[in-house]
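Reading through the structure tokens given below for one structure.
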Amino acid sequence: VKAEKEEAWFGMPGVCGEPEARRNVPESSGVSSQHEPQVQQQLGSPCGVPWQPPSPTTWHGPADQETSMVTQQHWHFQGLGRLELQAAGLPEAQPGEAAESSPIFLPGSEVGQPCCSSPPSEEVQSWFRAIPPIPDEVVVRQKRAPRGSWKVGTLRHGKRVYTVAISGSTHHVYTCGSGYIRVWDEGALHAGGKVPQAQLDFQDRQDCVVTCKLFPDEQSLITGGASQAVTLWDLAPTPQVRAQLTSTGPTCYSLAVSSDAHICLAGFQGFVEIWDLQNQILIRKHQVPVYASRCVDITGNMFWTGGEDTTLYSWDLRSYQRLHQYDLENEILSITHDPGEEWILAGLRTSDIAFIHTLRNEKFKVVMKKYTRHHSLKFASCGSYFVTAKDACISGLEAPSLQKLFQVEESSGILCCDVSSDNQYLVMGSKSSAVIYQLLY
């Protein structure tokens, strides 16, 4: 009965490049939802036709030579609709149509060679020359997924790095832990042993930051931890404290900032504080199950909580009513969402990743079945891939195909990770430093 219940609610695809033993595991870690009763049906595309994956990639990055082709039986990838098309930059295809993801070249004797045709007239050429160039800031960039990674530097924080953030505009890195925050400029990313640009000492050196979030404009940073306060930092022209929001709990475990930077969630044991960042006032102290607030996130008018009690909850940000709950059967260590705020990803203690649609009744799980102490997730701003860090290993997975793009093994455990908003750098924190990888395309 349990297996039938899982099959009705979740598809369980494997990650391309994972050993066969991990893919073919018993379906013993299903996920149930507390929705109203609905007709159980096989989850698939909006038209009812199972989605077919793009052709397997044949080029592999230097950090992962194990990425391999996946047989068709592993690609019964259920529960995805618009996400995979948007993530790949493709239009929604009608049933029976093939989505072509390869670049289009003009016909010629070689790929990319222009086709044979008469040159344009001088009148046409002068007309083209009269067109002003398009500014770089308005050019729509192609959504790409990296095909490899390259280690470029190590930032010596000196203590355990519990949380880290990297800016896409300035490539400044913020390493956070006990006693202080260190700020590193772009020059330090490629130079080993360089000193930080600044060190932000806490008034109480016993205070410890365990969670941080950059604002969408990357001009501000918010931090929380064992300090009985959530701190707002102005980052430009020089980092300094803007305000300290006095908390009602001793330790803030996680933070989430809305896409418009108006609302912040701070997760404490048994409750979530909802802050108005514009006016710096506490809107509400929202009670949640005592072990369901280690992780928090915001998508639109909903917020999400999860933790040791193995259940992921969604709440209405206006009425504060509980909307849904999903029993993931394993401890939730991290929560993140895609840039379109359509999907929530939950990283579990067993290394599994649960995918839940924020608006539709669609969900599935990637089953790994490997116990991990730490599990961090971060979706790239371009939406075409996400990274998952488990203990000493970090991987990049393409969305929606779950093709493994790269994999890095570190010598010590990875406690946290972040991807720059320009998708150029990956940074991960460990017991005494932060390691920088440049993503290769």
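The values are calculated or read from the model by the stated rules, or taken from the named source; none is laboratory data. Predicted model, so just to flag it, every value in this text is computed and none were measured. Every residue, glycine among them, receives a Cβ derived from its backbone with ideal geometry; neighbour counts consider all protein chains shown. The protein model used for the area step is the full one, side chains on, heavy atoms only, and it has no ligands, DNA or RNA in it. Shrake-Rupley method; radii C 1.70, N 1.55, O 1.52, S 1.80 Å.
Brief remarks on what is shown
- Simple point charges give the picture: +1 on the Cβ of Lys and Arg, -1 on the Cβ of Asp and Glu, and for region 151-440 a dipole about the Cα centre of about 660 debye.
- Projecting the Cα atoms of SER254, TYR385, GLN424 onto the dipole axis of region 151-440, where Lys and Arg carry +1 and Asp and Glu carry -1 at the beta carbon, places SER254 farthest toward the positive end.
- One quarter of the convex hull surface built on the alpha carbon atoms of region 159-212 amounts to 3.8 nm², the projected area averaged over directions.
- Packing around the peptides 392-399, 367-374, taken as the average count of other Cβ atoms within 10 Å per residue, puts them in this order, highest first: 392-399, 367-374.
- Electrostatic bookkeeping for SER220 treats Lys and Arg as +1 and Asp and Glu as -1; over the other residues with beta carbon under 14 Å from its beta carbon, the sum is -2.
- Over region 151-440, Cα pairs under 8 Å with separation of 6+ residues give a relative contact order of 15 percent.
- Farthest toward positive dipole pole in region 151-440 [+1 Lys/Arg, -1 Asp/Glu at C-beta], among LEU232, PHE355, SER412: SER412
- Phi angles of region 161-171 translate, via the Karplus equation with coefficients 6.51, -1.76, 1.60 and θ = phi - 60°, into HN-Hα couplings of 9, 7, 8, 8, 9, 9, 8, x, 7, 10, 6 Hz per residue; Gly and Pro are given as x.
- Note: relative contact order over region 327-423, using C-alpha pairs below 8 Å and six or more positions apart, is 20 percent.
- For region 287-441, with all protein chains in place and a probe radius of 1.4 Å, 45% of the accessible heavy-atom surface sits on carbon or sulfur.
- About the Cα centre, charge dipole magnitude for region 241-307 (Lys/Arg +1, Asp/Glu -1 at Cβ), debye: 140
- At full extension, ASP217 and THR170 could sit 15.8 nm farther apart than now, given 0.36 nm per residue minus the alpha carbon distance.
- Applying the Karplus relation 6.51 cos²θ - 1.76 cosθ + 1.60 with θ = phi - 60° to region 208-218 yields 3J(HN,Hα) values of 9, 9, 10, 8, 8, 9, 7, 5, x, 7, 6 Hz, where x marks Gly and Pro.
- Principal axis extents of the Cα atoms in region 140-249, from largest to smallest and rounded to whole angstrom, are 45, 35, 26.
- Tensor-based shape of region 151-440 (alpha-carbon gyration tensor, a/c under 1.5 rounded, otherwise prolate or oblate): oblate
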